[in-house]
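No value in this document is a laboratory result; all are computed from the given coordinates. Please read all numbers here as calculations on a predicted model, not as lab measurements. Note that each Cβ is placed from the backbone with ideal geometry, even for glycine, and that neighbours are counted across all protein chains shown.
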Amino acid sequence: MRRKFEVLGRESAATLLLLAMRRMGSLALAVAVAGGCALSADVPTDLPNVVGPAPLRRLSNTEYLHALHDLFPSQVHALPLLPNDSSNSGFDNETEAQQPSDVRIARYEAIANLYAEDATRTTEAIQKLAHCTEWQTPTSAEACRAKFIESVGGFVFRRPLTSDERDRLTLRFQAWTTAVDFEAAVRLTLSAMLQSPQFLYRAEPLPDLPSLPSAPLAVEPYAMASRLSFFLWQSIPDNFLLEAASKNELGSTDQVRAQATRMLNDDRARRVFWNFHRQWLGLDRVLGEEHSVRTPQVDPMWTSKSQYAASEESRYFVENTMMSTGTLRELLMSRRAWVNDEMARTYDLAPTGDASAWREVLLPDANRAGILTRAAFLAGFSHRGATSPPIRGSAIQLHWLCKLPSAPPPGVDLSMPKALPEDGAQTNRTLFERRTAPGPCQGCHIGLNGFGFGFENYTAAGAFQTQEQGLPIDARGTVVGTDVDRPFDGAVDLSAALEGSEAVRSCVTRQWMTYALGRAPATEERALEDALKTRLTSSGGNLRELLVDIVTSPTFRLQPIKEK
């Protein structure tokens, strides 16, 4: 039966999916999905009533894997790798980069077959999945088939099935029952559902109106449930969201705010908190191959456990900070940390004797505060064995001020500067100051070095140091190109300056909007972006409130008017 399962699955599911993904346009797919739309929705009076584009969105790899986990929480598989979600914005859910490929389609098929086979491995499993106990007679088989298609299809598609979808799945189920048997039909139909555009894409239906409306439309309730869940949970809606959608209770500002507040207090919100921050701040750079080949000879503080431990420490910090206060100040200034023995060694703390245990601690107040003084950032934006003020400074400008880096002038030496034998001992700062002293370099390096020199107290492995080559380290710098330009002394002082900057709050707002919408804010949304930033400032930098403000904004809750 396995051979028939593989052949039938390939011919009927993957091939149809490939053709559908290549041929359908976003509007064509949206119109093909039935459902009613409310024609109006209340808009917060203090937010500009602007609505940007709403392109068709595929599940990112992260969303796809979370969705499978939440649909089948007991299943654990070694899955084939999906092609990377390429991105221009730095986020894996960017719609413009979500192009289908033959490799992706083949991996979807293989993964769907794994989950479908596991979910139908026993008679008891099929009974639970199909909500029926037997299917031995034509009458019972028909009833069981209908229950299975309706219930499982509704969960997988995240909404009730249309009559056309129900008929198509029924015909395919019947054909597979005839070709193999009932159990195989359940398995094959489930696999087909998991490969369908209705599961892999987030189609948003349009109402059938005789003429174009004069104002943007409220997003259809089930589509709104998916907008909320894939943003705030990186996964499928739960029963509460689906029930609210069935009652058309996701249309008003108060209804959406209540759901978003509930969802942000759920542990599933940890997913968006970490997935956003690791991409926004480049906290996963430390897991890159260049950092796995470090050796103790190059970085005395670096071990085979450092990469994973540094990443996990930042994940614990980000998740717990955002699940509690969730303020910009805490993100930049909190001394709370969660460390195991590896990170305790890096941060010069006493070990516990249990190398695998993570515990909450307070970091030394003189040299550690916030995400910028953690090993994932410090090591991720360093070379092997050496710090790089321009790299760390560029990270501040790009991620915290939304300033794109400029290309260096032609012919510039980009190698790590080294002291000549006749120079004697030199600090890393002195070497970089000499390298970047020429006039053509200063246009960029006045900012790059200005921020980057503030991190010179931290080695390439993230450990704190006060001397280098027997010489005292100078970690003074200058904040430039912001509304809070001033001198600072060390990374903690720099973090305090960034926390008070309107430019930083503007950048943070733009980054969260980009992640929520799957695209950069459009020109017409600039006023909305400014209003959300003003709200962020008024809330004391409360990032959790920013997320609620985003999902209750017109551009998240409404659809733009589209020509048919």
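Grab the other residues whose beta carbon is less than 14 angstrom from that of K533, score K and R as +1, D and E as -1, and report the net. Mind showing how you got there, number by number?
Values: positive: R505, R510, R526, R535; negative: D46, D483, E502, E525, E529, D530, E545, D549.
Local charge sum for K533: -4.
With no solvent and one equal point scatterer placed on each C-alpha of the range 128-185, evaluate the Debye formula and give log10 I(q)/I(0) for q = 0.15, 0.18, 0.22, 0.25 Å⁻¹, two decimals.
Cα-only, vacuum Debye calculation for the range 128-185: -0.40, -0.58, -0.86, -1.07.
Using the Karplus curve 6.51 cos²θ - 1.76 cosθ + 1.60 with θ = phi - 60°, what ³J(HN,Hα) values do you get for each residue of the range 466-475, in whole Hz, with x for Gly and Pro?
Per residue, the Karplus-derived 3J(HN,Hα) values read 10, 9, 9, 6, x, 10, x, 8, 9, 10 Hz.
Let me know the whole percent of all Cα-Cα pairs from the range 68-135 that are separated by more than 15 Å.
Result for the distance tail: 65 percent.
In whole Å, what is the distance between the alpha-carbon centres of the range 495-564 and the range 351-417?
So the two Cα centres are separated by 26 Å.
Under 5 Å between amide hydrogens, which residues at least 5 positions from F488 or on another chain qualify, with H placed 1.01 Å from N in the peptide plane?
G477, T478, V479
By the gyration tensor of its Cα atoms, with a ≥ b ≥ c the square roots of the eigenvalues, what is the shape of the range 317-463: rounded for a/c under 1.5, prolate for a/b over b/c, or oblate? Walk me through the numbers before you get to the answer.
Details: a/c = 2.90, a/b = 1.64, b/c = 1.76.
The shape class here is oblate.
Per residue of the range 337-343, what does 6.51 cos²θ - 1.76 cosθ + 1.60 with θ = phi - 60° give for ³J(HN,Hα)? Whole Hz please, x for Gly and Pro, Karplus curve as stated.
So the Karplus estimates, Gly and Pro as x, are 8, 10, 10, 9, 5, 5, 6 Hz.
Beyond 32 Å, what share of the Cα-Cα pairs of the chain is found? Please give it as a whole percent. Walk me through the numbers before you get to the answer.
Values: 83171 of 158766 pairs.
Looking at the chain, the distances longer than 32 Å represent 52 percent of pairs.
By the scheme Lys and Arg +1, Asp and Glu -1, what is the net charge of all other residues having a beta-carbon under 9 Å from that of V551? Before the final figure, lay out each step's value.
On the way: positive: R227, R257, R557; negative: D549.
Residues near V551 contribute +2 overall.
Give the long-range amide H neighbours of R57: residues separated by 5 or more places, or on another chain, with amide H under 5 Å away, using H modelled in the peptide plane at 1.01 Å from N.
Long-range HN contacts for R57: R202.
In Å and whole numbers, how far do the C-alpha atoms of the range 497-545 stretch along each principal axis, longest first?
Extents along the principal axes, in whole Å: 28, 19, 18.
Please list the non-local residues whose amide H lies under 5 Å from the amide H of H383, H modeled 1.01 Å from N, same-chain partners needing a gap of 5 or more.
S388
Counting each DSSP H run of 4 or more residues in the chain as -39500 (n - 2.57), what helix-only mean residue ellipticity at 222 nm follows after dividing by all residues, to the nearest 500 deg cm²/dmol? Walk me through the intermediate numbers first.
On the way: 27 runs with 285 residues, N = 564.
It comes out at -15000 deg cm²/dmol, rounded to the nearest 500.
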